[in-house]
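In what follows, a single structure is set out as structure tokens and then discussed.
The values are calculated or read from the model by the stated rules, or taken from the named source; none is laboratory data. Just so it is clear, the structure is predicted and the values come from calculations on it, not from any experiment. Neighbour counts are summed over all protein chains in view; Cβ atoms, including those assigned to glycine, are modelled from backbone coordinates with ideal geometry. Ligands, DNA and RNA are stripped out before the accessible areas are found, and what is left, the full protein with its side chains, is counted by its heavy atoms. Shrake-Rupley method; radii C 1.70, N 1.55, O 1.52, S 1.80 Å.
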Amino acid sequence: MSSKGSGSDTKPGARRALTGAARALRVGVIGAGVMGSNHARVLVGLPDIELVGVVDPLPAHRTRATELTGCRTFADIDQLIAEGVDAVTIAAPTHLHHPIALACIARDIHILVEKPVASSVEEGREIVDAARRAGVTLMVGHVERFNPAVAAIKQAISGEDILSIAITRVGPFPPRMSNVGVVIDLAVHDIDLIRWFTESDIVEVQPQLSSAVAEREDIALLQFRTASGVLAHINTNWLTPFKARNVTVATRGKYVMGDLLTRQVTECFGFKPDGSYSMRHLPVGHDEPLRAELIAFLHAVRSGGVPAVTGDEGVASLEIATRCLEAPARPAAASSPRKGPRRVVG
Ligand SMILES: NC(=O)c1ccc[n+]([C@@H]2O[C@H](COP(=O)([O-])OP(=O)(O)OC[C@H]3O[C@@H](n4cnc5c(N)ncnc54)[C@H](O)[C@@H]3O)[C@@H](O)[C@H]2O)c1
């Protein structure tokens with residue numbers, strides 16, 4: 001393995017900076033599916049990075065990764081680690097995040113773990129604790145924070161007294177169903193955004209879930225209250241023929257509307273007693289969110305600073321998503337399955 005941190009700060013829990021590392025960071029990608037292929041594509045184009053290789057047990061996915069990036073591929077993570085890596089991104093299926101993350105941390109390798117951080121809150125906490133003890137950087141891939149439209153909304157509401165947040169994230173069924181429903185797959189993005197926008201914890205959860213077609217929930221209407229008193233709502237499903245991702249934030253002084261796909265962000269302000277108000281479109285950047293996320297991760301690795309999305313934040317969002325699924329069952333009459341064909345997942 002390549003040499004790691006300066007060793008000057010060895011306190012448990014202190015992240016080690018890769019000081020003196022004028023050389024390129026040696027980075028690997030674990031999992032060459034949809035997300036991992038994108039990680040590899042972005043990493044290979046970043047300066048001061050050497051993409052050491054991509055790991056995937058499926059030969060066809062390894063071939064695709066090589067065609068996409070020209071990088072080496074490996075059938076298992078031990079082969080990648082033997083080559084020497086400073087950091088990896090973990091984009092394997094969610095149920096494998098825990099063992100893969102622990103294996104990397106045990107070898108002092110900095111990790112970016114795709115969202116959700118793990119299959120369960122307990123596994124997520126074990127990853128966080130192990131990373132803290134080892135002093136390695138752990139960042140969670142809540143990529144939506146790096147969407148320039150989201151950044152524009154965050155900036156627009158900075159210093160405002162936020163009253164409510166409503167987020168819609170809907171679309172058709174994904175081509176490949178995993179063994180999770182819309183709450184863990186989609187709503188966890190927005191739970192993270194609500195926590196990030198409000199800089200407050202979610203303290204009340206009122207979920208309404210339904211499985212119209214799939215075995216797991218494919219529709220969710222989730223309501224929350226944060227410790228700071230903000231009301232928030234997420235509308236998510238896999239039953240809409242087109243993708244939509246919209247955020248609205250009401251503050252005492254503004255109403256901010258953002259379309260995360262078209263990246264148009266508008267704010268209404270200057271409310272007058274006669275009902276009139278002003279409106280303006282806000283400037284929004286063009287960065288690719290994944291590129292910005294990976295740059296932030298690699299910066300945290302180099303500097304030893306706190307990563308943009310910490311493991312604790314990833315676990316907190318997973319915990320809220322899990323609470324939505326564990327909320328008391330509805331009365332039997334209301335929870336009986338709908339009629340019609342059902343889609344088997346898993
Ligand atoms: N941030 C986002 O917006 C976003 C979007 C999609 C997926 N994800 C997350 O990314 C992760 C992967 O999702 P995906 O859609 O790319 O799934 P996918 O099924 O397309 O890819 C997973 C890949 O991991 C490989 N794999 C299986 N076992 C492995 C192992 N032991 N070591 C290495 N690779 C292994 C599979 O062969 C497959 O190629 C999930 O955790 C998912 O929640 C995040």
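Condition check ((1) near the ligand (Cβ under 9 Å from one of its atoms); (2) over 21 Å from Arg302 (Cβ atoms)) across all residues:
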{"position": "Ala40", "(1), (2)": "no, no"}
{"position": "Leu43", "(1), (2)": "no, no"}
{"position": "Thr73", "(1), (2)": "no, yes"}
{"position": "Asp76", "(1), (2)": "yes, yes"}
- The one condition in (1) over 18 Å from the mean Cα position of the chain (by Cα); (2) outside any helix (DSSP H, G or I); (3) of a type in the set (D, E, K, R) that Arg133 fails to fulfil: (2)
- How many residues does the range 61-70 contain that are more than 10 Å from the ligand (Cβ to nearest atom) and of a type outside the set (Gly, Ala, Ser)? 5
- Message: Please determine whether any residue of the range 48-60 is part of a helix (DSSP H, G or I), buried (at least 16 other Cβ atoms within 10 Å of the Cβ) and within 14 Å of the ligand (Cβ to nearest atom).
- Response: no
- Message: The conditions are (1) surrounded by fewer than 19 Cβ atoms within 10 Å (Cβ to Cβ); (2) among the basic types (Lys, Arg); (3) at pLDDT 95 or above, and Arg338 fails exactly one of them. Which is it?
- Response: (3)
- Item | Subset of the range 163-207 that is of a type in the set (Ser, Thr, Tyr), under 18 Å from Val230 (Cβ atoms) and not in a helix (DSSP H, G or I) - its residue that is least open to solvent (accessible area, probe 1.4 Å) | Ser200
- What tally of residues in the range 104-125 results from selecting those that are open to solvent by 30 Å² or more (accessible area, probe 1.4 Å), part of a helix (DSSP H, G or I) and touching a helix residue (DSSP H, G or I) at 6+ places or on another chain (Cβ under 7 Å)? 2
- For the range 260-275, the count of residues that are closer than 27 Å to Gly171 by Cβ and aromatic (Phe, Trp, Tyr) equals 0
- Message: For the range 67-79, give me each residue that is outside any loop (DSSP other than H, G, I, E, B) and either charged (D, E, K, R) or surrounded by fewer than 16 Cβ atoms within 10 Å (Cβ to Cβ) (or both).
- Response: Glu67, Leu68, Asp78, Gln79
- Is it the case that some residue within the range 134-143 is within 15 Å of the ligand (Cβ to nearest atom) and modelled with pLDDT under 95? no
- Message: Of the residues Ala101, Ala82, only one is more than 8 Å from the ligand (Cβ to nearest atom), assigned to a helix (DSSP H, G or I) and more than 20 Å from the chain's Cα centre (by Cα); which?
- Response: Ala82
- Under 9 Å by Cβ, and 6 or more places apart or on different chains, what pairs join a residue from the range 27-44 that is touching a residue at least 60 places away in the same chain (Cβ under 8 Å) and among the polar types (S, T, N, Q) with one that is open to solvent by less than 50 Å² (accessible area, probe 1.4 Å) and in a helix (DSSP H, G or I)? Asn38/Leu290
- Considering every residue within the range 226-245, establish whether at least one is over 25 Å from Phe173 (Cα atoms), part of a strand (DSSP E or B) and open to solvent by less than 50 Å² (accessible area, probe 1.4 Å). yes
